[in-house]
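Here is the structure we will look at.
Read the figures in this text as sums done on the coordinates, not as results from a lab. Just so it is clear, the model here is predicted, and its values are computed rather than measured. FYI the Cβ positions are ideal-geometry reconstructions off the backbone, even for glycines, and counts take in every protein chain you see.
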Amino acid sequence: MTKHDFSDWWQRPDLCYQQQQLYFSGHRVADFARQMGSPTFVYSARRVRDNIERVKQALAVVAGQRNHRLYYAMKANRFAPLLTYLKQTGLCGIDACSPAEVEHAIGCGFMPGDISFTATSLAGKDFDILARYDDLLFNADSLYAIREWGKRRPGSEIGIRINPAVGVSRASNQLLQYAGPVTTKFGIYKEQFSEALAVAESYGLVVRRIHFHTGCGYLTDQLSQWRAVLKTCLRFVDQVPTVQRVNIGGGLGVPHVESDEPLNLESWASIIKEFFTTRDLAVDVEPGDYLVKDAGLLLLGITYIEEKESTRILGVDAGFNIAPEPAYYKLPFQPVPLSDSKTVARTPYHVVGNINEALDIWSENVLLPDMTDEHYLALINAGAYSSSMASNHCMRGQFKECLLLS
Ligand SMILES: Cc1ncc(COP(=O)(O)O)c(C=O)c1O
């Protein structure tokens, strides 16, 4: 029988060393790298499904009389086989943020009524496309959006995205917050909320949903802030008697480094429950990160190892342009060797990419065993906001993607 070794913080039953070889979702990662080459993103359908089921199970305690719904934020990862797989599970709808995302989701099997739409700065031509879909769940993020929707679909039901001026994010990272002390473009503030309701009424629009999404990546340490967000948002909700559902956004995070305590979903849900037991409202949620981030690896080819001053540099064959979160948000990646031996001492490496831009460092001073004879390396947590945000900077935008269905 195979013995699991969970001595690294990120190891778990479907991502761990077995006889010193890294396995992911039942596959030996080194075989995969040898066959597919690099850079390659590998996603585990089973892990995504487990993540969805965990969130749904937690939310079930909140549901009360009405059913909650889960919309997957496809901006996190729009790989078509993954979206079709998700549709076939029947476990979730889609959160889309552009007409092209709506069309892509429909192309992958979702129906317009499965799609919750929340975008920003839409053009007239965007509204024209969106208004074609009778059942699309449209959420307006500005007075302008209410007016434009009202002109095209008077008398319809809408949602309103609010901005509570309070946000929550991983380690209170302001780069990941959409609501807070700094004024942002996301949602309608309390100062304009009455006017927003009046504009909706003037077009006969019925406000059925309040939506908010105030930041990304929050973990257990940020749950008191999450509570403050909910409390503030429900002051908006209580002003609108026609509201039936509250979409509490995404933002649920996964650990990036050893010191990150994973999000305790039971505590998360009990905070939600606290506010919803006295209200006859359904709760919807639209996570991206939590569902797919830890379900993806990025396989990288090792190009060279060399000392620069007293730092050991390990080069790989892809740069931050194909997984930009470290550059945009200072979110660290964890590099992982494809084989490991407890008897080999680990030493610090800087893992760097192949882009002549910014510093292009995947990870600083990461402890790795001797990598001299290794050909590949994996970055974990590469399932979200990596391939979907990739650019062709330096004309190094090529990568492969594959979905493991078993
Ligand atoms: C409106 C909205 N909903 C949901 C999400 C998904 O967020 P996350 O991937 O952090 O769960 C985002 C991400 O930016 C968003 O803007």
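List of remarks:
- For Asn247, nonlocal amide neighbours, meaning residues 5 or more places apart or on other chains whose placed amide H falls under 5 Å from its own, are Ile210, His211, Phe212, Asp284.
- Net lengthening on full extension, Lys231/Cys394 (0.36 nm per residue, minus Cα-Cα): 54.1 nm
- For segment 68-287, share of DSSP beta bridges that run antiparallel, in % to the nearest 5: 5 percent
- Residue-wise HN-Hα couplings along segment 173-185, as the Karplus relation 6.51 cos²θ - 1.76 cosθ + 1.60 with θ = phi - 60° gives them from phi, are 5, 4, 5, 9, 10, 9, 9, x, x, 8, 5, 10, 7 Hz; Gly and Pro carry x.
- Taking segment 96-212 and dividing mean pair separation by its residue count, relative contact order in percent (alpha carbons under 8 Å, at least six apart): 26 percent
- GNM top mover of Tyr376, Tyr72, Tyr290 - the chain, alpha-carbon springs below 10 Å: Tyr376
- Whether segment 69-217 is rounded, prolate or oblate, judged on the alpha carbon gyration tensor where a/c under 1.5 counts as rounded: oblate
- Burial order of peptide ranges 261-273, 295-307, 394-406 (average beta-carbon count within 10 Å, highest first): 295-307, 261-273, 394-406
- For the chain, the relative contact order comes to 21 percent (Cα pairs under 8 Å, sequence separation of at least 6).
- Of the three principal axes defined by the Cα atoms of segment 141-283, the extents in descending order read 52, 32, 23 Å.
- Scalar couplings 3J(HN,Hα) for segment 136-149, obtained by applying the Karplus form with A = 6.51, B = -1.76, C = 1.60 to θ = phi - 60°, are 4, 8, 8, 10, 8, 9, 7, 5, 4, 5, 5, 4, 5, 5 Hz; x denotes Gly and Pro.
- The C-alpha atoms of the chain define a longest principal axis, and helix 45-60 lies at about 40 degrees to it.
- Long-range Cα-Cα pairs in segment 256-406 (distance over 20 Å), rounded percent: 56 percent
- Segment 47-122 - Kirkwood radius from inverse mean 1/r over Cα pairs (Å): 13.0 Å
- Distance from the Cα centroid of segment 204-278 to that of segment 311-360 is 33 Å (rounded to whole angstrom).
- Where only C-alpha atoms are counted, convex hull volume of the chain per residue in Å³: 146 Å³
- Across segment 4-96, Cα-Cα pairs farther apart than 23 Å form 41% of the total.
- In the calculated pair-distance distribution of segment 88-143, the portion above 18 angstrom amounts to 25 percent of the Cα-Cα pairs.
- With contacts taken as Cα pairs under 8 Å and at least 6 residues apart, segment 68-287 reaches a relative contact order of 19 percent.
- Note on Asp31 and Ala60: their simple-model spin labels are 3.5 nm apart, each label 7 Å out from Cα toward Cβ.
- Length, then width, then depth: along the principal axes, the Cα atoms of segment 226-335 run 64, 25, 22 Å.
- Residue-averaged [θ]222 nm for the chain, counting only DSSP H segments that reach four residues, each worth -39500 (n - 2.57): -8000 deg cm²/dmol
- Largest first and in whole Å, the equivalent-ellipsoid semi-axes of segment 325-406 read 24, 17, 12, each the square root of five times a Cα gyration tensor eigenvalue.
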